[in-house]
Amino acid sequence: SFFSPFFKQWYQRRVAITAGVESLFSAYIALSEWEFAESLFHLQSFSKLYRDFISTFSDKEQSLRKVTKGDEFPELYKWFYRLYEMLLSKYTLYFSRVLLPEAGKKMPKGTTTNQIDYCGKIADFARRTKAHSVALLLDTKRLNKTYLGDGYKIRNGDFDSDSFEFESPVSQKYYKDQLEVVFCHGKDDKLNDVDSSEIANLYLGAINNRGKPYFYNPNVKNTYYVSLVDENIFLSLVYHSEKKERDTDITRFIDEMNNNLKLNKVL
């Protein structure tokens, strides 16, 4: 009938949208549970679905970002793509110690092609405020599954389910194996024993409402900050100098990381 092509296209779009939304929120959950491969597969699934979907809005071979910025593209679908980019940026930050060595020269400065260059932002912030270290720690006891690490080796440059081989990295675990450093930007790219102990005590006290997420140790003149920036992941800042609890630059950075990683400005 006359309406058949219209309703067929309408139905196909609705199916694609439903599958795309499912992929995005599955990726969100997988990231919070620190699932390296599962997160990637969901993000790739959304990317493929979206490329097929936007072909109905453009007859030329264009990038996803270029097409989704067009005035003719529906606002709801632009929102889906912004969410996708935010999740992709999170993924690249969380698993940077796995992805950067694999990428080699293709990703020398981190996530510069994504919506948020977390690695660049952290490096700039650390340099500007003279932070000794900026780290992300995973609370493995809050995960639904047993934590096995994030050391995956990609074979032959392929990205299918058979190309991942688990390879446990050298880990930094503290406080009876509950907390694991999964990202660290600093002089040595790791936390020393004194700093790690202070951070663990500060985090566990704050998460259990037994103290502030800030501590200055006058004996060694070190300042520590912690903040839960995702479901099971918290940010730690270490300064080998005295810093105020409400330092403007530091609190602004912590708030920005909270808003971005929790997707407060998207969801």
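The values are calculated or read from the model by the stated rules, or taken from the named source; none is laboratory data. Predicted model only: the values in this text are computed from it and were never measured. With ideal geometry, Cβ positions are generated from the backbone for all residues, glycine too; neighbour counts draw on all protein chains shown. Calculation scope for accessible area: heavy atoms of the full protein, side chains included, ligands and nucleic acids excluded. Shrake-Rupley method; radii C 1.70, N 1.55, O 1.52, S 1.80 Å.
Which of the residues spanning segment 191-217 are in contact (Cβ under 8 Å) with a residue 24 or more places away in the chain and assigned to a loop (DSSP other than H, G, I, E, B)? Passing the criteria: Leu191, Lys212.
Filtering segment 188-205 to residues that are β-branched (Val, Ile, Thr) and surrounded by 13 or more Cβ atoms within 10 Å (Cβ to Cβ) leaves only Ile199.
Of the residues making up segment 209-237, those that are within 20 Å of Tyr147 (Cβ to Cβ) and either of a type in the set (Asp, Glu) or modelled with pLDDT under 90 (or both) are Asp230, Glu231. Those helices (runs of 4 or more DSSP H) of segment 67-131 in which 3 or more residues are surrounded by fewer than 20 Cβ atoms within 10 Å (Cβ to Cβ), at pLDDT below 90 and more than 20 Å from the chain's Cα centre (by Cα) occupy 75-94. Could you tell me whether Phe57 is more than 22 Å from Leu263 (Cα to Cα), at pLDDT below 80 and touching an Asp or Glu at 6+ places or on another chain (Cβ under 7 Å)? When the stated conditions are applied, Phe57 passes them. Going through segment 30-54 one residue at a time, which ones are charged (D, E, K, R) and over 18 Å from Lys78 (Cβ atoms)? Within segment 30-54, Glu33, Glu35, Glu38, Lys48 meet the criteria. Flag: Asn144 matches the condition of being closer than 21 Å to Phe234 by Cβ, among the polar types (S, T, N, Q), at pLDDT below 95 and assigned to a loop (DSSP other than H, G, I, E, B). Filtering segment 206-257 to residues that are more than 21 Å from the chain's Cα centre (by Cα) and open to solvent by less than 10 Å² (accessible area, probe 1.4 Å) leaves Thr223, Tyr224, Tyr239.
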